[in-house]
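The values are calculated or read from the model by the stated rules, or taken from the named source; none is laboratory data. Only a predicted model underlies this, so the values are computations on that prediction, with no experimental measurement involved. Here the Cβ is made from the backbone with ideal geometry for all residues, glycine too, and neighbour counts use every protein chain on show. For the accessible areas, the whole protein counts, side chains as well, though only heavy atoms, and no ligand, DNA or RNA atoms are used. Shrake-Rupley method; radii C 1.70, N 1.55, O 1.52, S 1.80 Å.
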Amino acid sequence: MPHPDRRAVLAGLGATLAAPRLAHATTIRDGAGREVPVPGKVERIFPAGPPAAILIYTLAPDLLIGWPRANRPEEREFLLPGIGDRPEVGRITGRGNSANLEAVLQAKPDLIIDSGSTGRTYVELAERVQQQTGIPYALLDGRFDQTPASYRILGQLTGRSERAETLARWCEDSFATIRGRIAAIPPEKRPSVYYARGPRGLETGLGGSINVETLSFLGARNAAAEQQGSGLAQVSLEQVLAWNPDVIVTIDLAFSESVRSDPNWAGVKAVREGRVHLSPKLPFGWVDFPPSVNRAIGLWWLAKLLYPAQFPEDIRKLARDFHTLFYQVTPSEAQLDRVLAGRG
Amino acid sequence: MTSSLRGNLIALLLLALAVLAAFALGRFPVAPGDLARLVWSFFSGEPSGLPPQIETVVWNIRGPRIVAAILCGAALAIAGCAFQGLFRNPLVSPDILGASSGAALGAVIGIYLSLGLFGTQLAAFIGGLVAVGAVYAVGSTIRRGDPVLVLVLTGVVVGSLLGAGIGLVKYWADPYNQLPAMTFWLLGSLAGTAKPDLIPLLGPVLIGAVVLLALRWRMSVMSLPEEEARALGLATGPLRIAIVAAATLVTAASVAAAGIIGWVGLVVPHLARFLVGPDFGRLMPTAALLGGGYLLAIDTLARTAAPVETPLGILTAVIGTPFFIWLLASARGGWS
């Protein structure tokens, strides 16, 4: 454990004393409806978790202090040099926080951003950290359809409203286009989808889970939705056979490779018809994990898989544009091949 | 009819009922008539004429899972029996010497390092053996006091250290992918059991069970005070090592296959004692049969109650706790 730095402690004290002054500054309403003071200048942002880090990176990569978990080399090559390899800073997650508050202070952030649940626990955590550190802490609503709103709040907090507006618009336009085309598809033409995780493909996301937000956005019938819940669960292969989904979407390479030759899965309609799809995950997962704006390109990818007739767009071009706009790195053809193959 | 024979018949009957129910019930509907045709075709060799999906469900999904549940239940029950005898304490369960905690640490490390299915199971199995080996090694270096008591205390201490290790690896884990996998593993499940999983389970369980069943008559002597056992000419040291090794082998194998399933090793020996009395020679076979049937019944419940699986460790605790309290309250000298 690092020795408590006197400067950090002093900085903390100073910040605490400065807190009342901040209260008079301009404020903005964050994703949880809290009034958060807008800092005079923002040069360094501390991400509370992976979804926030990705959101900040896409808007203002230069401001991101570091990553909750260091990026692997194969992920870094899709990110701006000098930023994708910034250090690991841990995450702020309440009781089990791996980012010690003194270490947060030592990183001298002007702003702390979290994106995710706006439930009471997270609101109280934000309040407490903001009071303890004197650093404005904005909590953004991590639900997928709230992404444009999150960009706009982040844009105002950082003074980068123009780029925030561009990114928010891109998302909104995507959402509107996709929603519009799907609205015309009658329910019986919408495929049932089983979302498979884990090496056996027997972990799945329940009805209300954040892991399947992209699926529900696309109006697909989640096979596991008869059981409502907010998280993941295990099911048996027998149950998958009984659901007999039209499409399987997975994030697990080992599962996607084994399922095609596994005689026990051969009875599932999606396997029989070759509709098992491995989700791209570079530099971040397209469908799920971490649940952030990286899912915006995943939405197009999934839409094309589920409704090929309605979505004639070229996924390569979409992915290249998305990477260029959001990650500010244009992938080469070979890199795109790797992304779309779902490896990494 | 002797009480032992009657007890074993009851245990066998319960096991048979559990097998029947397990084959008949499930989320994929299989009509009783189809099931009968499948069984007929199995014994006669004639094609059943049923859709291949039904054959898959019954033979490849339910079948291996039923075998695994019986093996794990029997393993945990006889290991519990052996440890309860060895430590002369009815409240001892198979993880007393850290077999489950060691296996759990091995498994979470396996998931953390993305070792894959087989690698994770192997890591769990090795973790269980190493943990108990370490407990035994540390316990044997301490020369003061009752060796059995020292062993138990060492087991408790090492077990809690292993628990801390599990916590640390979970804390490092990626919260979106690895952490849920670890949580599922630690709650215990047979959800993904397939035929290939039976081989690494069957071998160790059979070896351990044969050793324990062969030693069962001597275990009755072990449960006497140390001096009396020695006076009867029994080399308690080597016998103790053999019992610990065999019980650890079966526990580690079952935890590696099914995750952490508590209570079976604690409750089932008591049930068996209820049926055939406290003598280990009679107790062990009955406990094995009952344990297999018990875990199979619970696993059938776990996979039929809801579309999503209920973790086995949760069910065994929810069912085991009140049952055990009832046993404690109603037992009339069932132990000695």
## Note on the structure
Only one of A:Leu157, A:Leu139 is crowded, with 16+ Cβ neighbours inside 10 Å and touching a Leu at 6+ places or on another chain (Cβ under 8 Å), namely A:Leu157
### Query
In the stretch A:29-62, what residues are assigned to a strand (DSSP E or B) and in contact (Cβ under 8 Å) with a residue 12 or more places away in the chain?
A:Arg29, A:Val36, A:Pro37, A:Ile45, A:Phe46, A:Pro47
#### Entry: Of residues in the stretch B:134-152 being open to solvent by 80 Å² or more (accessible area, probe 1.4 Å) and out of contact with any helix residue (DSSP H, G or I) (no Cβ under 8 Å at 6 or more places or on another chain), the one modelled with the lowest pLDDT
B:Arg143
### Task
Just need a number here: residues in the stretch B:286-330 that are assigned to a helix (DSSP H, G or I) and touching a Lys or Arg at 6+ places or on another chain (Cβ under 8 Å).
3
### Query
Just one of B:Val308, B:Val318 is free of Cβ contacts under 8 Å to residues at least 60 places away in the same chain, open to solvent by 40 Å² or more (accessible area, probe 1.4 Å) and among the β-branched types (Val, Ile, Thr); which is it?
B:Val318
### Query
If you go through the stretch A:171-180, how many residues are surrounded by 15 or more Cβ atoms within 10 Å (Cβ to Cβ) and out of contact with any Pro (no Cβ under 9 Å at 6 or more places or on another chain)?
2
### Query
How many residues, within the stretch A:63-76, are open to solvent by 10 Å² or more (accessible area, probe 1.4 Å), in a loop (DSSP other than H, G, I, E, B) and of a type outside the set (Val, Ile, Thr)?
4
### Residue among A:Ala196, A:Ala149, A:Ala184, A:Ala220 that is over 18 Å from A:Pro51 (Cβ atoms), out of contact with any Leu (no Cβ under 6 Å at 6 or more places or on another chain) and open to solvent by 10 Å² or more (accessible area, probe 1.4 Å)
A:Ala184
### Task
Filter the stretch B:173-191 for residues that are more than 7 Å from chain A (Cβ to nearest Cβ) and not in a loop (DSSP other than H, G, I, E, B) and give the result.
B:Gln178, B:Leu179, B:Met182, B:Thr183, B:Trp185, B:Leu186, B:Leu187
#### Entry: Single residue of the stretch A:251-264 satisfying the filter (at the interface with another protein chain (Cβ under 10 Å from one of its Cβ atoms) and more than 19 Å from A:Gly205 (Cα to Cα)) that is surrounded by the fewest Cβ atoms within 10 Å (Cβ to Cβ)
A:Pro263
### Query
Which of (1) away from chain A (no Cβ under 14 Å); (2) free of Cβ contacts under 8 Å to residues at least 40 places away in the same chain; (3) not aliphatic (A, V, I, L, M) does B:Pro200 not meet, given it meets every other one?
(2)
### Message
Among the residues of the stretch B:245-299, what is the count of those that are under 14 Å from B:Asn8 (Cβ atoms), among the acidic types (Asp, Glu) and surrounded by 24 or more Cβ atoms within 10 Å (Cβ to Cβ)?
### Response
0
### Task
Six or more apart or on different chains, Cβ under 6 Å: which pairs go from a residue in the stretch B:12-27 that's assigned to a loop (DSSP other than H, G, I, E, B) to one that's of a type in the set (A, V, I, L, M) and open to solvent by less than 50 Å² (accessible area, probe 1.4 Å)? Could you list them?
B:Arg27/A:Ala242
### Summary
Listed by first then second residue, the pairs whose first member lies in the stretch A:77-106 and is assigned to a helix (DSSP H, G or I), whose partner is open to solvent by less than 50 Å² (accessible area, probe 1.4 Å) and at pLDDT 90 or above, with beta carbons under 7 Å and at least 6 positions apart or on separate chains, are A:Val104/A:Phe46
### Message
Condition check: crowded, with 18+ Cβ neighbours inside 10 Å and of a type outside the set (Lys, Arg). Does B:Leu168 satisfy that?
### Response
no
### Task
Please specify each residue of the stretch A:292-344 satisfying the condition of being part of a loop (DSSP other than H, G, I, E, B), within 22 Å of A:Arg76 (Cβ to Cβ), at pLDDT 95 or above and open to solvent by 50 Å² or more (accessible area, probe 1.4 Å).
A:Gln328, A:Thr330, A:Ser332
### Summary
Every listed condition ((1) open to solvent by 40 Å² or more (accessible area, probe 1.4 Å); (2) closer than 18 Å to B:Leu198 by Cβ; (3) touching a Ser or Thr at 6+ places or on another chain (Cβ under 6 Å)) holds for B:Arg88 save (2)
### Query
Restricting attention to the stretch B:24-49, which residues are surrounded by 13 or more Cβ atoms within 10 Å (Cβ to Cβ) and within 12 Å of chain A (Cβ to nearest Cβ)?
B:Leu25, B:Gly26, B:Arg27, B:Phe28, B:Val30
### Task
Select the helices (runs of 4 or more DSSP H) contained entirely in the stretch A:136-247, then report the ones holding at least 1 residues which are more than 16 Å from the chain's Cα centre (by Cα) and more than 14 Å from chain B (Cβ to nearest Cβ).
A:147-158, A:161-183
### Query
Taking the condition within 14 Å of another protein chain (Cβ to nearest Cβ) and touching a helix residue (DSSP H, G or I) at 6+ places or on another chain (Cβ under 9 Å), does A:Trp300 pass?
no
